[in-house]
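Q: Sharing a structure here in structure tokens format.
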């Protein structure tokens, strides 16, 4: 008998700046190890936006301003029910590096697609672009 998949909910920061989006590369170990993503932080399934903002601020090492929800991407992984809660954010200072991620990079959407990204995160990026977070996108 297979174990019931664990619920995993991530707050996902969609941070547009000058035609680019902030992307982060995960540590090599763990879920989606070494892959690129819109920066994300684990939250409780029913966490209020204020908690999501606090977790993203901690992960990025800068104060994050929440500008609104963009929707949720749900994926079924082998051992996890994954929910990606997309939140449009900005901030007074743009992060350059943070211990939570191996690398941060500002990418145009076309370049983002060329980086190694999980299918779930690719869907999240598509949803963010469909929501019109970048001008002309």
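Q: Would you check if there is a residue in the range 26-39 being touching a residue at least 60 places away in the same chain (Cβ under 8 Å), surrounded by 12 or more Cβ atoms within 10 Å (Cβ to Cβ) and not in a loop (DSSP other than H, G, I, E, B)? Steps first, please.
A: Taking the range 26-39 and keeping what is touching a residue at least 60 places away in the same chain (Cβ under 8 Å), we get 26-28, 32, 34-39.
Within this subset, residues satisfying the condition of being surrounded by 12 or more Cβ atoms within 10 Å (Cβ to Cβ) are 26-27, 32, 34-39.
With the extra rule that they be not in a loop (DSSP other than H, G, I, E, B), the set shrinks to 36-37.
The answer is yes, given that some residue of the range 26-39 is touching a residue at least 60 places away in the same chain (Cβ under 8 Å), surrounded by 12 or more Cβ atoms within 10 Å (Cβ to Cβ) and not in a loop (DSSP other than H, G, I, E, B).
Q: Okay, next question. Which of the residues belonging to the range 114-137 are free of Cβ contacts under 8 Å to residues at least 40 places away in the same chain and either under 24 Å from residue 57 (Cβ atoms) or in contact with a helix residue (DSSP H, G or I) (Cβ under 7 Å, 6 or more places away or on another chain) (or both)?
A: The answer is 129, 137.
Q: While we're on this one: Considering only residues that are at pLDDT 95 or above and over 12 Å from residue 84 (Cβ atoms), which ones fall in the range 1-16?
A: 15, 16
Q: Further question on the same structure: When you scan the range 86-137, how many residues do you find that are part of a helix (DSSP H, G or I) and either farther than 24 Å from residue 49 by Cα or under 14 Å from the mean Cα position of the chain (by Cα) (or both)? It would help to see each step written out before you state the result.
A: Start the filter on the range 86-137 by keeping residues that are part of a helix (DSSP H, G or I), which leaves 109-112, 119-130.
Cutting the leftovers down to either farther than 24 Å from residue 49 by Cα or under 14 Å from the mean Cα position of the chain (by Cα) (or both) gives us 109-112, 119-129.
Qualifying residue count, the range 86-137: 15.
Q: Give the range 63-84 a look and list any residue that's assigned to a strand (DSSP E or B) and either without any contact (Cβ under 8 Å) to a residue 40 or more places away in the chain or under 12 Å from residue 128 (Cβ atoms) (or both), or say none. Reasoning before the result, please.
A: Here is the first cut: in the range 63-84, the residues assigned to a strand (DSSP E or B) are 65-76, 80-84.
Once the filter is applied, which keeps residues that are assigned to a strand (DSSP E or B) and either without any contact (Cβ under 8 Å) to a residue 40 or more places away in the chain or under 12 Å from residue 128 (Cβ atoms) (or both), the range 63-84 yields 65, 66, 67, 68, 69, 70, 71, 72, 73, 74, 84.
Q: Answer with yes or no whether residue 111 is within 23 Å of residue 43 (Cα to Cα), surrounded by fewer than 15 Cβ atoms within 10 Å (Cβ to Cβ) and without any contact (Cβ under 8 Å) to a residue 40 or more places away in the chain. Give the derivation first.
A: Values: within 23 Å of residue 43 (Cα to Cα): no; surrounded by fewer than 15 Cβ atoms within 10 Å (Cβ to Cβ): yes; without any contact (Cβ under 8 Å) to a residue 40 or more places away in the chain: yes.
It is false that residue 111 is within 23 Å of residue 43 (Cα to Cα), surrounded by fewer than 15 Cβ atoms within 10 Å (Cβ to Cβ) and without any contact (Cβ under 8 Å) to a residue 40 or more places away in the chain.
Q: Considering the range 73-108 alone, what residues qualify as being modelled with pLDDT of 90 or more, over 14 Å from residue 56 (Cα atoms) and surrounded by 13 or more Cβ atoms within 10 Å (Cβ to Cβ)?
A: 73, 75, 81, 82, 83, 102, 105, 106, 107, 108
Q: Next question, about the same structure. With respect to residue 58, is the statement that it is outside any strand (DSSP E or B), modelled with pLDDT of 95 or more and under 17 Å from residue 127 (Cβ atoms) true? Walk me through how you get there before you give the answer.
A: Numbers: outside any strand (DSSP E or B): yes; modelled with pLDDT of 95 or more: yes; under 17 Å from residue 127 (Cβ atoms): no.
It is false that residue 58 is outside any strand (DSSP E or B), modelled with pLDDT of 95 or more and under 17 Å from residue 127 (Cβ atoms).
Q: Where residues in the range 52-62 are farther than 20 Å from residue 133 by Cα and touching a residue at least 40 places away in the same chain (Cβ under 8 Å), which of them is surrounded by the fewest Cβ atoms within 10 Å (Cβ to Cβ)?
A: Of all residues in the range 52-62, those farther than 20 Å from residue 133 by Cα come to 54-55, 58-59, 61-62.
Then keep just the ones that are touching a residue at least 40 places away in the same chain (Cβ under 8 Å); that gives 55, 58-59.
Details: 55: 21, 58: 13, 59: 21.
My answer is 58.
The values are calculated or read from the model by the stated rules, or taken from the named source; none is laboratory data. Because the structure is a prediction, the values reported are computed rather than measured. We place every Cβ from the backbone using ideal geometry, glycine too, and count neighbours over all the protein chains shown.
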